[in-house]
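Accompanying notes for the structure given below.
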């Protein structure tokens, strides 16, 4: 198990604990980062990257690190299943918007938004886990 897979599991566990306390805004953040860290795990453990390769490619790219992790994961999945890759891109994009809402916008993050975030999380993981 990579450290990133473990971090992914910890973030999901944290989201579950926070949900029980009705702390919905941080649950959205934890769910998003759980997905992102799992993509890093796959890049390293399944798709031949090293942390050094990743760091170099990110520093040479026009986008940020999140775009890199998501883009590379979508590209690898698209080689085998374009439909799954498109669903992954869509679901991560929607979860990212919810995370940005939770962190940077003055809107209340309620149980309905949390439920949407959790739905996207499960959609993302149903795709990513099949490549683990």
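Here, each number is a calculation from the coordinates, and none is a lab measurement. Since the structure is predicted, the reported quantities are computational estimates derived from the model, not experimental observations. Counting neighbours? That spans all protein chains shown, and the Cβs are built from the backbone with ideal geometry, glycine included.
Modelled label-to-label distance, residue 105 and residue 119, 7 Å Cα→beta-carbon offset: nm?
1.6
For the Cα atoms of the chain, what angle does the longest principal axis make with the long axis of helix 51-60, in degrees from 0 to 90, nearest 10?
The answer is roughly 90 degrees.
Run the numbers for residue 61 and residue 16: contour at 0.36 nm per residue of separation, minus the present Cα-Cα distance, in nm.
On the way: separation 45, 0.36 × 45 = 16.20 nm, distance 3.43 nm.
In short, 12.8 nm is gained.
Could you work out the relative contact order of the chain? I mean the mean sequence separation of Cα pairs under 8 Å and 6+ apart, divided by the number of residues, in percent. Write out the running numbers ahead of the final one.
Working: 134 pairs, mean separation 40.1, N = 132.
Contact order relative to length: 30 percent.
Angle between the Cα long axis of helix 65-78 and the longest principal axis of the chain, 0 to 90 degrees, nearest 10?
It works out to around 70 degrees.
Arrange the following residues from fewest to most other Cβ atoms within 10 Å of their Cβ: 30, 35. Let's see the in-between values first.
Working: 30 24, 35 28.
In increasing order of surrounding Cβ atoms, one gets 30, 35.
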